[in-house]
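The values are calculated or read from the model by the stated rules, or taken from the named source; none is laboratory data. Please read all numbers here as calculations on a predicted model, not as lab measurements. When we count neighbours, we look across all protein chains shown, and the Cβ atoms used for this are built from the backbone with ideal geometry, even at glycine.
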Amino acid sequence: MNKNSLFYRLIKTYVFFACTMGIVELVFVAFMVHVEGGTIDIRLQWLLFFLLVFGLHVWIYSLWTSRRVTRPLEEIAGAIREMKQGRFHERLHIQASHEFLQIQTDFNDMAETLQRAEAENLKLQESKQRMLVDISHDLKTPITTIQGYAQALQLGIVTDEEQRRKYLQLIYSKSTLVTGLIDDIFNLSKLDSPDIPLHAVPGDLAELLREAAAEYYEQFEAKEFTLQLDIPPIEVIVSYDEKLLQRAVTNLLSNALRYNPPGTEVTLRLEDLGSAVHLSVIDNGIGISDELKAVIFDPFVRGDASRKGDGGTGLGLSIARQIVRLHGGELSLNNQPGQTSFELVLYHEGNLKRTL
């Protein structure tokens with residue numbers, strides 16, 4: 001039996017109480033009771049003294065019991081009331097027996113979990129609110145532009161045919177931007193769903209990267225970028241959903257292309273390390289600040305906050321991360337002076353690491 005348990009302490013205290021009362025009774029019999037002439041003569045002062053000692057023992061025992069049992073229970077009840085009011089910062093700090101210390105540990109762990117969950121929920125609510133503001137802003141800007149040009153055409157303000165074609169092209173470009181934003185929001189919401197199907201089959205990841213690089217080659221050339229491929233000449237087989245993973249890779253390439261100046265060198269690297277495959281998109285462009293690094297994968301975050309009209313939705317990296325997580329992999333940012341590296345890790349089936 002644990003000597004620090006409440007039961008053990010109560011038994012020990014009760015035995016001590018009984019022994020001391022027995023000693024008091026023996027003293028009472030020996031010194032306070034006088035037998036004379038076949039009668040028992042109990043002196044009043046000794047009887048009062050015995051009752052006083054008995055009452056003192058009962059009071060001390062009750063006080064100890066209250067301190068060991070009632071007080072911890074009151075503290076626990078008070079902490080529960082605080083938690084009921086949503087104040088999850090409350091912690092128990094009681095000096096008590098083993099059982100109460102175990103309750104205290106479990107209660108504090110639960111309070112810590114609830115406080116962390118409340119903080120995460122608050123962060124989620126703030127993120128949703130910020131997302132709504134961002135969506136409203138990103139939709140309002142192109143729609144306002146479309147309305148302005150359409151009204152000019154409708155009222156016949158523009159008479160020059162070349163200018164009319166220019167306005168129509170701008171309307172088409174802005175409507176394409178709105179469509180892209182809506183598609184990205186829809187795709188991100190789908191990827192957040194636990195029921196989204198993942199059609200992962202073994203495939204050559206090296207070939208997928210070569211195809212993605214070929215798709216973006218002309219865009220890199222047009223912006224005077226240098227695209228370097230560091231891809232093994234042999235097959236790198238891993239299970240993945242081709243459509244989704246291609247979207248993740250092209251989002252990373254598009255991000256490097258959109259937010260860096262002409263002359264930037266971008267490296268697309270693939271390594272098979274046995275237990276996992278590491279894919280990196282590395283550039284020596286403008287870099288990413290430490291403040292931005294903490295939120296770079298959040299929706300509507302852009303590499304350059306001042307460039308709202310760059311054609312990007314700010315959802316590319318969020319979508320890429322969700323796709324990688326859906327595959328049980330990881331997507332992280334390794335930011336060093338003069339080099340920005342987005343590192344994607346996919347685990348082989350035998351070493352699959354679920355992150356959802």
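The set of residues in segment 162-198 that are loosely packed, with under 13 Cβ neighbours inside 10 Å and modelled with pLDDT of 85 or more comprises 162, 165, 169, 172. For segment 228-238, the count of residues that are of a type in the set (S, T, N, Q), in the same structural domain as residue 268 (by TED's automatic domain parsing), under 22 Å from residue 273 (Cβ atoms) and surrounded by 17 or more Cβ atoms within 10 Å (Cβ to Cβ) is zero.
For residue 214, indicate whether it is farther than 18 Å from residue 316 by Cβ and in the same structural domain as residue 263 (by TED's automatic domain parsing). For residue 214, the condition - farther than 18 Å from residue 316 by Cβ and in the same structural domain as residue 263 (by TED's automatic domain parsing) - is met. Annotation note: of 114, 122, the sole residue that is modelled with pLDDT of 80 or more, part of a helix (DSSP H, G or I), exposed (fewer than 11 other Cβ atoms within 10 Å of the Cβ) and of a type outside the set (Gly, Ala, Ser) is 122.
It is to be established whether one or more residues within segment 214-228 are touching a residue at least 60 places away in the same chain (Cβ under 8 Å) and among the β-branched types (Val, Ile, Thr). Taking every residue of segment 214-228 in turn, none turns out to be touching a residue at least 60 places away in the same chain (Cβ under 8 Å) and among the β-branched types (Val, Ile, Thr). Taking the condition in contact with a helix residue (DSSP H, G or I) (Cβ under 9 Å, 6 or more places away or on another chain) and small (Gly, Ala, Ser), does residue 152 pass? Against the criterion (in contact with a helix residue (DSSP H, G or I) (Cβ under 9 Å, 6 or more places away or on another chain) and small (Gly, Ala, Ser)), residue 152 qualifies.
Pairs under 7 Å by beta carbon, first residue farther than 16 Å from residue 143 by Cβ in segment 154-174, partner in a loop (DSSP other than H, G, I, E, B) and not aromatic (Phe, Trp, Tyr), six or more apart or different chains? Matching pairs, first to second residue: 164/158. When residue 321 is tested against (1) modelled with pLDDT of 70 or more; (2) assigned to a loop (DSSP other than H, G, I, E, B), exactly one condition is not met: (2). When only residues in segment 203-213 that are free of Cβ contacts under 8 Å to residues at least 60 places away in the same chain and in contact with a strand residue (DSSP E or B) (Cβ under 9 Å, 6 or more places away or on another chain) count, which is farthest from residue 260 (Cα to Cα)? Residue satisfying both the conditions and the ranking: 203.
Residue 144 falls short on exactly one of the conditions (1) touching a residue at least 24 places away in the same chain (Cβ under 8 Å); (2) in a helix (DSSP H, G or I); (3) over 30 Å from residue 233 (Cα atoms), and that condition is (1). Under the condition of being more than 18 Å from residue 327 (Cβ to Cβ) and out of contact with any Gly (no Cβ under 7 Å at 6 or more places or on another chain), the residues counted in segment 212-252 number 22. If only residues of segment 182-208 that are of a type outside the set (Val, Ile, Thr) and over 18 Å from residue 319 (Cβ atoms) are counted, the one that is farthest from the chain's Cα centre (by Cα) is 207.
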